[in-house]
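Enquirer: The structure is given below, and queries will be raised subsequently.
The values are calculated or read from the model by the stated rules, or taken from the named source; none is laboratory data. Remember, it's a predicted structure, so these values are computed and weren't measured experimentally. Here the Cβ positions follow ideal geometry from the backbone for every residue, glycine too, while neighbour counts run over all protein chains shown.
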Amino acid sequence: MAESKAFDARRSTLGETLVHLGLVDAEQLAHALRECDGDQKALPQVLVALGYSTEEKILKAVSLRLGIPYFTSFEGMIDPAAARRVPEFVARKRLAVPLFLSDDSMTVGMVNPIDLEAIHDLESHSGLRVVPVMTTLSALFAAVHEAYGGGTASLAPEPAAAAVAEAKGKVPRFQAEERSVVDTVTTLLQDAMARKASDIHLEPEERSLRLRFRVDGMLQEGRTFTKDLESSLVARIKILAKIDITETRLPQDGHLRFEYGGQKVDVRVSSLPLIHGEKLVLRILDSNKALKRLDQIGLSEPVLKSFSKAIRRPNGIVLVTGPTGSGKTTTLYAALSALNEVHTNVVT
């Protein structure tokens, strides 16, 4: 009987390696590949966002696949001379941290060690050949903080800081392993609807991901997520909104729809790259709540007559402006509803 051929991770795709190691099954891999249009580079984020695996497990598999060392921490490895070779804004933009120098090369910690554009940019700034090693996003941010003058990025609070944190709010912090990313995003959307929120803000900070809801025009504090959950949480929302999860350096817009209380709810999603990660703003467009007649939205009689006349003119433009929560979307829905007649062609 012929011997089975030994598995060679370096000659296999990342997906094949993950299946061989038992991190995902063939069905889960096929689902993830459909979500990322077959792009193997985007596969790790998609698998985490779908709740099929964890960032650390996948990075270890990528390390095996590419033969690139994987580190859970860069403590004690950071040489200030290496950091001086690359400006901080470049390191943050490229999700990379210079570690140490040797002859004509510079070892760099990266989340995505096959990002050739990032490697080329780092080589251009440093004048050295880049040798990438791998780490998680949270470990990378901690290393960047240490490399560029923030001191040792210990996550353990000092006694005074711990006392302040305890007095501040007892805001629950959710670890990645406590629940799947899929469930977390679902709960987040349902929580926003229960609060009657108009917006959800996910704001990356140095060591955490802050969640806030806008209710009646005012922002309210929500949960605080640990940093290691940030990338998978953001990726999950971007997948639902049909946003390119591999693009982290440019603002993007998308749209998702979910069901709440037997009704479909539309959400407009905007992503914005910041120093500590990507900020997401989800604007809830509850069409059921917004579908009112013009005479039901509080316009005075003179304004109602003037506005109704303006929207029925054959040409021109009507601008509806105002701060968040002032009723712009409600007014526009009401205007479209008034114009939605058999003999009128409405394009949105």
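Yes or no, residue by residue, for (1) among the basic types (K, R); (2) surrounded by 11 or more Cβ atoms within 10 Å (Cβ to Cβ); (3) not assigned by TED's automatic domain parsing to the domain that holds G217:
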residue: S306; (1), (2), (3): no, yes, yes
residue: K309; (1), (2), (3): yes, no, yes
residue: V320; (1), (2), (3): no, yes, yes
residue: P323; (1), (2), (3): no, no, yes
residue: V347; (1), (2), (3): no, no, yes
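Enquirer: Could you please let me know if V86 is in the same structural domain as R129 (by TED's automatic domain parsing), outside any helix (DSSP H, G or I) and in contact with a Phe, Trp or Tyr (Cβ under 9 Å, 6 or more places away or on another chain)?
Expert: Taking the combined requirement at face value, the residue does not satisfy it.
Enquirer: Restricting the search to the stretch 240-263, which residues are surrounded by fewer than 19 Cβ atoms within 10 Å (Cβ to Cβ) and assigned to a loop (DSSP other than H, G, I, E, B)?
Expert: If the condition is that a residue be surrounded by fewer than 19 Cβ atoms within 10 Å (Cβ to Cβ) and assigned to a loop (DSSP other than H, G, I, E, B), then K242, D244, T246, E247, R249, L250, P251, G261, G262 are the ones that fit.
Enquirer: State all residues of the stretch 95-109 that are under 22 Å from R65 (Cα atoms) and modelled with pLDDT under 90; if no residue qualifies, say none.
Expert: Selection gives L95 alone.
Enquirer: Next question, about the same structure. Is it fair to say A194 is of a type in the set (G, A, S) and more than 26 Å from T136 (Cα to Cα)?
Expert: For A194, the condition - of a type in the set (G, A, S) and more than 26 Å from T136 (Cα to Cα) - is met.
Enquirer: Is there a residue in the stretch 127-134 that is at pLDDT 85 or above and either in contact with a His (Cβ under 8 Å, 6 or more places away or on another chain) or assigned to a loop (DSSP other than H, G, I, E, B) (or both)?
Expert: yes
Enquirer: Which pairs do you get when a residue that is touching a residue at least 12 places away in the same chain (Cβ under 8 Å) and under 13 Å from V130 (Cβ atoms), found in the stretch 84-96, comes within reach of a residue that is among the small types (G, A, S) and part of a loop (DSSP other than H, G, I, E, B), reach meaning Cβ atoms under 8 angstrom, with the pair 6+ apart or on two chains?
Expert: Filtered contacts from the stretch 84-96: R85/G127.
Enquirer: Sticking with this one: So G316 fits all but one of (1) outside the structural domain of L209 (by TED's automatic domain parsing); (2) surrounded by 11 or more Cβ atoms within 10 Å (Cβ to Cβ); (3) in contact with a helix residue (DSSP H, G or I) (Cβ under 8 Å, 6 or more places away or on another chain); what number is the exception?
Expert: Unmet condition: (2).
Enquirer: Of all residues in the stretch 45-70, which are in a loop (DSSP other than H, G, I, E, B) and touching a strand residue (DSSP E or B) at 6+ places or on another chain (Cβ under 6 Å)?
Expert: Answer for the stretch 45-70, where residues must be in a loop (DSSP other than H, G, I, E, B) and touching a strand residue (DSSP E or B) at 6+ places or on another chain (Cβ under 6 Å): I68, P69.
Residues checked against (1) closer than 26 Å to K196 by Cβ; (2) in a strand (DSSP E or B); (3) among the aliphatic types (A, V, I, L, M):
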{"site": "V265", "(1), (2), (3)": "yes, yes, yes"}
{"site": "D295", "(1), (2), (3)": "yes, no, no"}
{"site": "P302", "(1), (2), (3)": "no, no, no"}
{"site": "S306", "(1), (2), (3)": "no, no, no"}
{"site": "A310", "(1), (2), (3)": "no, no, yes"}
{"site": "T330", "(1), (2), (3)": "yes, no, no"}
{"site": "A334", "(1), (2), (3)": "yes, no, yes"}
{"site": "V346", "(1), (2), (3)": "no, no, yes"}
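Enquirer: Tell me which residues, restricted to the stretch 19-44, are part of a helix (DSSP H, G or I) and over 22 Å from L116 (Cβ atoms).
Expert: Across the stretch 19-44, the qualifying residues are V19, H20, A26, E27, Q28, L29, A30, H31, A32, R34, E35.
Enquirer: So, in the stretch 208-235, of the ones that are crowded, with 16+ Cβ neighbours inside 10 Å and of a type in the set (D, E, K, R), which residue ends up farthest from A143 (Cα to Cα)?
Expert: Ranking the candidates gives R214 first.
Enquirer: Right, next: Exactly one of (1) among the polar types (S, T, N, Q); (2) free of Cβ contacts under 8 Å to residues at least 40 places away in the same chain; (3) under 30 Å from I237 (Cα atoms) is unmet by Q296. Its number?
Expert: (3)
Enquirer: If the requirement is being without any contact (Cβ under 8 Å) to a residue 60 or more places away in the chain and either touching a helix residue (DSSP H, G or I) at 6+ places or on another chain (Cβ under 9 Å) or within 19 Å of T13 (Cα to Cα) (or both), which of these qualifies: S53, S105, S73?
Expert: Being without any contact (Cβ under 8 Å) to a residue 60 or more places away in the chain and either touching a helix residue (DSSP H, G or I) at 6+ places or on another chain (Cβ under 9 Å) or within 19 Å of T13 (Cα to Cα) (or both) holds for just one of S53, S105, S73, which is S53.
Enquirer: Also, quick follow-up: Output the residues belonging to the stretch 98-126 that are in a strand (DSSP E or B) and among the hydrophobic types (A, V, I, L, M, F, W, C).
Expert: L99, F100, L101, M106, V108, M110, listed by residue number.
Enquirer: Of the residues A49, A96, which single one is in contact with a Gly (Cβ under 8 Å, 6 or more places away or on another chain) and either more than 20 Å from V144 (Cα to Cα) or crowded, with 23+ Cβ neighbours inside 10 Å (or both)?
Expert: One residue alone meets the criteria, A96.
Enquirer: Report every pair of residues separated by at least 6 positions or lying on different chains whose Cβ atoms are under 6 Å apart, first residue within the stretch 5-28 and assigned by TED's automatic domain parsing to the domain that holds T54, second among the polar types (S, T, N, Q) and modelled with pLDDT of 80 or more.
Expert: L23/S53; V24/S53
Enquirer: So G277 ticks every box in (1) on the phi < 0 side of the Ramachandran plot; (2) surrounded by 15 or more Cβ atoms within 10 Å (Cβ to Cβ) but one. Which box is left unticked?
Expert: Going through the list (1) on the phi < 0 side of the Ramachandran plot; (2) surrounded by 15 or more Cβ atoms within 10 Å (Cβ to Cβ), G277 breaks only (1).
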